[in-house]
1. Please sort 96-105, 177-186 by packing, taking for each peptide the average over its residues of neighbouring beta carbons within 10 angstrom, highest first.
2. So, how do all the Cα-to-Cα distances of the chain break down into 10 Å bins, in percent, from 0 on up?
3. Over the stretch 146-229, what portion of Cα pair distances is larger than 16 Å, expressed as a whole percent?
4. How many nm is it between the label spots at Ile197 and Leu90, if each spot is 7 Å from the Cα in line with the beta carbon?
5. Using a probe radius of 1.4 Å on heavy atoms only, what accessible surface per residue do you get for the chain? Whole Å² is fine.
6. Determine, for each peptide in 4-11, 129-136, the mean count of other beta carbons within 10 angstrom over its residues, then list the peptides with the highest first.
7. Count the net charge of all other residues whose Cβ sits under 15 Å from the Cβ of Gly119, scoring Lys and Arg as +1 and Asp and Glu as -1.
8. Which percent of the accessible heavy-atom area of the chain goes to carbon and sulfur, probe 1.4 angstrom?
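The values are calculated or read from the model by the stated rules, or taken from the named source; none is laboratory data. Every value quoted in this text rests on a predicted model; they were computed, and no experiment measured them. For neighbour counting, all protein chains shown are included, and Cβ atoms are generated from backbone atoms with ideal geometry for every residue, glycine included. Calculation scope for accessible area: heavy atoms of the full protein, side chains included, ligands and nucleic acids excluded. Shrake-Rupley method; radii C 1.70, N 1.55, O 1.52, S 1.80 Å.
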Amino acid sequence: MEYFKTWWQIVARPILFFTRLKPEDWKENALTFLLRSAWLLAGVVAAAVFVIQYVPIGATLVEGVQGGKLLIVLPVLLTLAVVFFLITLLIVGGLLSLGCGIAFYALSYVLHYTYVIMGGRGQMARLVQQLFYSSAVVLAGIFPCGLAMLTRYGLLEMALFRVGFNLCFGLTVIFAYGLWAVSGRKVYGVTKGQAFIGALVPVFLLLIFGLVFDKIALGKLEAWIAPLK
């Protein structure tokens, strides 16, 4: 519950949150928050993979099995389902934790030197702490997972999935842009204009990534979640 309380404060009142945030080692509460965000998203992603891929496979295994035979094989299927879900969760959770940690730490380098060049003064360790809390935005990945499941079972058209995915990505980048600008101003004492200009650097990189992902990876993802026939 403490995590969700903190998450809501970041999302609903980011300026107040970062203003009241006391300086501390980023390896403590800030890192814990980032890891929890990554593992929560991993849980949703693992559930989406389970529903999109494992459930159809399991359905083919029990096709034509009825009555007492179904009761006999059901415990085995449930055991296999739990095992595959946990394996998927561990893999996705590990990758997301590592990826988020590296990404937000690298982001701190980019913003640190950007604001220093602009004349700001501050400690990068303090910025890392705040950026790790800005990892609250990764939970926006829950929405594409939901859209993917709806698409897989024919409740949403592929074209709408693509629109929803890109819309979610764009809004997340915009919100993250605001969080990073607030952090830059609080840590480096730059003006509001400088804070927002400095935060444009990672936003620009993210937009390039989004365009590349849309052109290359999203097409392959759509094939993976294509509606069942």
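1. Put in order of decreasing packing, that is 177-186, 96-105.
2. Final binned percentages: 7, 27, 30, 19, 10, 4, 1, 0.
3. 59 percent
4. Here the answer is 5.1 nm between the modelled labels.
5. Ligands and nucleic acids excluded, the figure is 57 Å² per residue.
6. 129-136, 4-11
7. Once positives and negatives cancel, what remains is +3.
8. 74 percent
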